[in-house]
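Asks: Dropping a structure here in structure tokens format, bear with me for questions.
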Amino acid sequence: MSEENTQKTHADKAPEAVVRTKRSFSIIWVVPIIALLIGGWLTFKAMREKGPEITITFETAEGLVAGKTQIKYKDVEVGKVTDIDLGADEDLSGVTVTAEMTKEAKPYLTDKSQFWVVRARVAAGEIHGLGTLLSGAYIGIHPSMEGTKTRRFKGLEKQPLLTEGQPGRHFTLQSRALGSLDQGSPVYYRGIKVGKVVDYNYAPARDGVDIKLFVEAPFHEKVLDNSRFWNASGVDFTMDATGINMNTESLVSIMLGGITFDLREHDLPGEPAAEDQTFRLFADYDSGQEDIYEIQQYALLYFEQSVRGLSPGAPVEILGIKIGEVVKVELEYDLQKIDFRIPVLIVMEPERIHTLVTQEGEVVKGAVKEIVMEEHSGAIEEYQRTQALIDKGLRGQLKTGNLLTGQLYVDLAFYPDAPPVKLRMEGDYPVFPTIPAPLEQIAQRVDNILKKVEKIPFEQIGEELKVAIESLTATLDEVKAMSGKVNEQTIPKLNASMDKLQETLDGIKSTLGPDSALNYNARKVTSELALAIRSIRSLLEYLERDPQALILGKEGGKK
């Protein structure tokens, strides 16, 4: 067998090689896989623990820093500011703060929740947010689970005083103006601080201020449905027709202001006031003690004398009882009469007057409010009743309420001797007739006497007496001439009579002549009387300008 065949036979018998790829796990892939798993877990955990994102709008971003400013509740961080941007409004009226809240805060993000910026401030004697001087401002939150879920909030510009969870009650006071009150102003009950003012807002419906206050337990039970609240801020100093009054609650209220409540004297306790019950805030203690009257009547009175000392708020009285007050005092000029007059508008409260009704000879006191309401039902009947009072002598008069202050008030009284006057209407107001003040009446009477005395012609009377004496002397001369024709028996007697008559005439001449003592004394008395009357008139005018001179003397007692 050849060599070539032998190699071919061995080649046919040799097995074929099988190529296999070996697959093995390399440890180098462990690290990236673990890193990937950790990253995924961290991402999942971060997404799971990430809280909601919210936006809050404020008027200014003062003190806020993105990435730094925290949102806190009871000094616990519940969120952080992530971005600050200008508001979406075209007028750039505010800023938008974006914040990321914690997961635990998610259930409390409702439209009832409140946000505000906490900065250092002093209000009502208390310092708030003092720690922000070092750590910077932060955003406070008052969470609430009530309301609708939301992610957009309107931030408060002032920090609220939170009273939720505290025992007590909230009440609302209605006032015309806020005055010196502020958040945190104290509320007193018989000199004890029992609460504070927590908030206030403008009430556009009645153009006033609503003040919300909180009274702590157990004093909230002392707030009854007939309690009166009045402003105890500062020193209540008044000087009016009744004199000088000064009231204050405490030194704290003088500096910070405050509110006091209590029952009026002689009022019986009512029922406890309900939560958020509304009361009226009176200006001071005196006004808080007065009754509240619903019906008001206006009237005009015209005066032609000085009204110095008469100001709005001065009382209107009948028999010393206040029934109203002065509303407005003006000055008018009459072009036809070329004279000034002063219209005084007053308001009267008929409910102050208890109406008596006679039934079968017995006087029965009726329900005042109901009777007054019935009387106001007819304008004609009201006009007739007012005219009947004027016919009886009802007149208005200015009187001095206090000699020390010189304050005046309007007194309505009956003067039966006053001339009759017809009631007239000027617009919607009836015009009540008036009479001069007492000092003015005395001045008029003295002036009338002075005018009458000045009209007496003393000089003319003296001249006429002189002429009469001269005529009588001429007649005596003629009689003497005729006496020569009389017989000798008559002459001696006639001469004696003539001598006595001459003596009498000489006495009359010496007594009534132009140079006589009587004529001189009459002129002197007339001059002194005129001087005395002018002095009385000057005294009355001075007293009308400065009535306190009767007590203090001229110019406060200066000599």
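The values are calculated or read from the model by the stated rules, or taken from the named source; none is laboratory data. Quick caveat, the model's predicted, so the values are computed rather than measured. Methodologically, a virtual Cβ is constructed for each residue, glycine included, from the backbone with ideal geometry; neighbour enumeration extends over all protein chains shown. All accessible areas refer to the heavy atoms of the entire protein, side chains included, with ligands and DNA or RNA removed. Shrake-Rupley method; radii C 1.70, N 1.55, O 1.52, S 1.80 Å.
Asks: With a 1.4 Å probe and every protein chain left in place, tell me how much accessible area Ser185 has, in Å² to the nearest 10.
Replies: Its accessible surface works out to 0 Å², give or take rounding.
Asks: Measuring with a 1.4 Å probe in the full set of protein chains, what accessible area per residue, in whole Å², belongs to the stretch 268-362? All intermediate terms of the calculation are to be shown ahead of the outcome.
Replies: Numbers: 5940 Å² over 95 residues.
Ligands and nucleic acids excluded, the result is 62 Å² per residue.
Asks: Ok, one more. Could you tell me which of rounded, prolate or oblate describes the stretch 139-192, using a ≥ b ≥ c as the square roots of the eigenvalues of the alpha-carbon gyration tensor, with rounded for a/c under 1.5 and, failing that, prolate when a/b is larger than b/c and oblate otherwise?
Replies: Numbers: a/c = 2.45, a/b = 1.74, b/c = 1.41.
Prolate is the answer for the stretch 139-192, as a/c is 1.5 or above and a/b outweighs b/c.
Asks: Now for a separate question. Sort Lys112, Lys466, Lys337 by heavy-atom solvent-accessible area, probe 1.4 angstrom, most to least. Don't skip to the answer; put the middle values down first.
Replies: Details: Lys112 120, Lys466 80, Lys337 155 Å².
Most to least solvent-accessible, the answer reads Lys337, Lys112, Lys466.
Asks: Where a ≥ b ≥ c are the square roots of the eigenvalues of the C-alpha gyration tensor, would you call the stretch 270-325 rounded, which needs a/c under 1.5, or, failing that, prolate if a/b is larger than b/c, or oblate? Walk me through the numbers on the way to the answer.
Replies: Values: a/c = 2.99, a/b = 2.66, b/c = 1.13.
Taking the square roots of the gyration eigenvalues as a ≥ b ≥ c, the stretch 270-325 is prolate.
Asks: Can you pick out the pairs among Lys80/Lys212; Lys50/Lys149; Lys68/Lys196; Lys50/Lys74; Lys80/Lys154 whose Cα atoms lie more than 23 Å from each other?
Replies: Details: Lys80/Lys212 32 Å; Lys50/Lys149 18 Å; Lys68/Lys196 34 Å; Lys50/Lys74 21 Å; Lys80/Lys154 17 Å.
Over 23 Å apart, Cα to Cα: Lys80/Lys212; Lys68/Lys196.
Asks: Under a Cβ-Cβ cut-off of 15 Å, what is the net charge of the residues other than Asp334 that fall near it, where Lys and Arg count +1 and Asp and Glu count -1? Write down the numbers at each step before the final one.
Replies: Numbers: positive: Lys337, Arg341; negative: Glu304, Glu330, Glu332, Asp339, Glu426.
So the environment of Asp334 carries a net charge of -3.
Asks: Heavy atoms only, probe 1.4 angstrom, no DNA, RNA or ligands counted: give me His220, His354 ranked by accessible area, highest first.
Replies: On the way: His220 25, His354 115 Å².
Largest accessible area first, the residues go His354, His220.
Asks: I've got another one for you. Of Lys392/Lys422; Lys193/Lys222; Lys106/Lys158, which ones are farther than 22 Å apart at the Cα? Walk me through the intermediate numbers first.
Replies: Details: Lys392/Lys422 12 Å; Lys193/Lys222 13 Å; Lys106/Lys158 24 Å.
Beyond 22 Å between Cα atoms: Lys106/Lys158.
Asks: Then there's this: Across all directions of projection, what mean area in square nanometres is found for the Cα convex hull of the stretch 309-356? Present the calculation step by step, with values, prior to reporting the outcome.
Replies: Working: hull surface 19.3 nm².
It is 4.8 nm².
Asks: Based on the Cβ-Cβ distance from Thr473 to Asp417, what FRET efficiency comes out when R0 is 41 Å, to the nearest 0.05? Don't skip to the answer; put the middle values down first.
Replies: Details: r = 53 Å, r/R0 = 1.30.
So, using R0 = 41 Å, E works out to roughly 0.15.
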